[in-house]
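> Dumping the structure here so I can ask a few things about it.
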Amino acid sequence: MIASGPQRCLDAVERFRTEDDAFIRTCLTLRDLPGRLTGGKNAHRFGMESFTPLGRIDNHWVGYGLVGRFWQAGYGLASTERTAKAFWEADGRACRLLLTFATQPASDGVTRLVTRTEISCPDPRDRRKMTLYWLLIRPVSGIIRRRILRAVEMECMRADIQKAS
């Protein structure tokens with residue numbers, strides 16, 4: 001629940017960067033370690049820039065996508081162009097991750113910001129690997145998600161204070 005309007009909430013989501021939060025940065029650095037050990041200093045560093053922006057529907061929804069094999073050391077990200085069209089047209093056997101943020105009016109001046117992650121792995125072997133990986137990262141992923149929501153709330157509060165000044 002954020003004491004701000006839906007537009008401001010989604011604007012803050014779109015400006016959020018993982019490197020701005022020390023805990024998230026540390027978690028991602030640890031997760032990046034296997035890829036850096038095998039891929040060297042040029043290995044992929046994961047962050048919000050890793051996602052393909054899929055668009056925004058007014059002040060109701062914003063989505064981001066990834067295509068890859070996320071349990072692999074370097075995330076197994078598909079090397080497609082980073083467009084919504086490329087995300088949806090990627091190989092039908094590829095795993096897709098859809099990260100969304102949606103707003104819901106709660107009361108006057110208060111917005112409920114809801115985030116969801118949906119993952120599609122059509123190949124049964126990949127689905128088993130993804131399930132094991134998700135069970136491993138889920139607790140930290142939940143903490144990261146709450147920290148993102150808190151950062152969005154804090155940015156909305158700062159923007160509201162600046163507007164009032």
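> Select from Cys121, Cys95, Cys27 the residue whose mean-square fluctuation is largest in a Gaussian network model of the chain (Cα-Cα springs shorter than 10 Å).
Cys27
> For the chain, which cysteines have no second Cys with its Cβ under 4.7 Å from theirs?
Lone cysteines by the Cβ rule: Cys9, Cys27, Cys156.
> Then there's this: What list of ³J(HN,Hα) couplings, whole Hz, do you get for segment 106-120 from phi and the Karplus terms 6.51, -1.76, 1.60, once you set θ to phi - 60° and write x for glycine and proline?
Each residue of segment 106-120 in turn: 9, 6, 4, x, 10, 10, 8, 9, 10, 10, 9, 10, 10, 10, 10 Hz.
> Could you work out which residue, out of Ser120, Ser107, Ser141, moves most in a Gaussian network model of the chain, that is, has the largest mean-square fluctuation with Cα springs under 10 Å?
Maximum among the listed residues: Ser107.
> Restricted to Cα positions, what overall size does segment 84-155 have along the principal axes? Three whole-Å values, descending.
So the three principal-axis extents are 46, 30, 18 Å.
> Take every Cα pair under 8 Å in segment 74-165 that's 6+ residues apart, average their separations, divide by the length, and report that relative contact order as a whole percent.
RCO, segment 74-165: 19 percent.
> Moving to a separate point now. With a sphere of radius 15 Å drawn around the Cβ of Val140, what net charge do the other residues whose Cβ falls strictly inside it have (Lys, Arg +1; Asp, Glu -1)?
That works out to +4.
> If you don't mind, there's one more thing I want to ask. Report P(r) for the chain: all Cα-Cα distances, bin width 10 Å, range 0 to the bin holding the largest distance, values in whole percent.
10, 35, 35, 16, 4, 0
> Which of Ile143, Ile119, Ile24 ends up with the largest GNM mean-square fluctuation for the chain, with Cα atoms connected below 10 Å?
Result: Ile143 has the largest fluctuation of those listed.
> Shifting gears a bit: Sorting check: for 149-158, 30-39, which peptide has the highest mean count of neighbouring beta carbons within 10 Å, and how do the rest follow?
Listed from highest to lowest mean packing, they are 149-158, 30-39.
> Additional query: Toward the positive end of the charge dipole of segment 104-149, about the Cα centre and with charges on Cβ (Lys, Arg +1; Asp, Glu -1), which of Thr111, Leu136, Pro122 goes farthest?
Going by the charge dipole, the pick is Leu136.
Each value in this text was obtained by applying a stated rule to the coordinates, not by laboratory testing. In this text the structure is predicted, and so the values were computed from the model without any measurement. Counting neighbours? That spans all protein chains shown, and the Cβs are built from the backbone with ideal geometry, glycine included.
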